[in-house]
Structures are given as structure tokens and as C-alpha cells.
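Colleague: Supplied in C-alpha cells, the structure appears directly below.
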Amino acid sequence: QGLKPLVPTESPGPDPVFGTSKPPPGLPASDNFLYTNKVPDLQKIFQRPDGLPIHLKRGYPDRMLYRTTMALTIGGTFYCLVALYIASQPKNK
């Protein structure tokens, strides 16, 4: 009899997610995509030779996130150092 393969030997057909050109059920045939492709626009922004690091390329929102992260990091470091200093002091009874 021999061993039977765990995977079927016949091809199951096109991949139901990536291999079909038909829209999913319930979506009209005219609506092929739910949104526009933003990758080419983002590539233009991120590949611009303006000397900025990649995490600051998109302007004001990126700068605010960066500054907030730096403030929280510095504040957390300061808080930990003060807490360690206070914890290391001898207790007076």
C-alpha cells in the first residue's frame, strides 16, 4: 500500500486570495480596489534627497512624534534616576 501523501497531488487551482482577478463576492465588478495605491507617492517622499532622516520625512506629524518620544524617554530616565536615588537613601526611624 505504501505511504499516502499528506498534501493532495492535484493542483487546487488559483489561490483564492492572490491568484484571482475576480472581485470578492458582494463587491460590484466596477469597484476593483477599495482604495488607491499610495506607494508611488510615498516612494517619492521618502527618496527625496533633502538630507532629513527617514523618520522625519513626512513633516510636522513626524516631528511631533519624534519630539514626544524624546521627551518621554528623557523624562522616564530622569524619573528612574530620582527613584533610584530616593530608594538608596537610608531610612530614618
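Colleague: Given a Förster distance of 25 Å, report the FRET efficiency between residue 77 and residue 56 from their Cβ-Cβ distance, rounded to the nearest 0.05.
Modeller: 0.70
Colleague: So, one more: Any idea how far apart residue 42 and residue 3 come out in nm if each label point goes 7 Å out from Cα toward Cβ?
Modeller: 4.4
Colleague: Go through the stretch 31-75 and name the trypsin sites (Lys or Arg not before Pro) that are in a DSSP coil and have 11 or fewer other Cβ atoms within 10 Å of their Cβ.
Modeller: When the trypsin sites (Lys or Arg not before Pro) of the stretch 31-75 are filtered for loop state and at most 11 Cβ neighbours within 10 Å, 38 remain.
Colleague: Starting from the Cα of residue 85, step 7 Å along the direction of its Cβ; do the same at residue 65; then give the gap between the two resulting points in nm.
Modeller: Simple spin-label model gives 3.4 nm for this pair.
Where a number appears in this text, it was derived from the coordinates with a stated rule and is not lab data. Treat the numbers as computed from the prediction; the structure is a model and nothing was measured. Glycine gets a Cβ as well: all are built from the backbone with ideal geometry, and neighbour counts include every protein chain shown.
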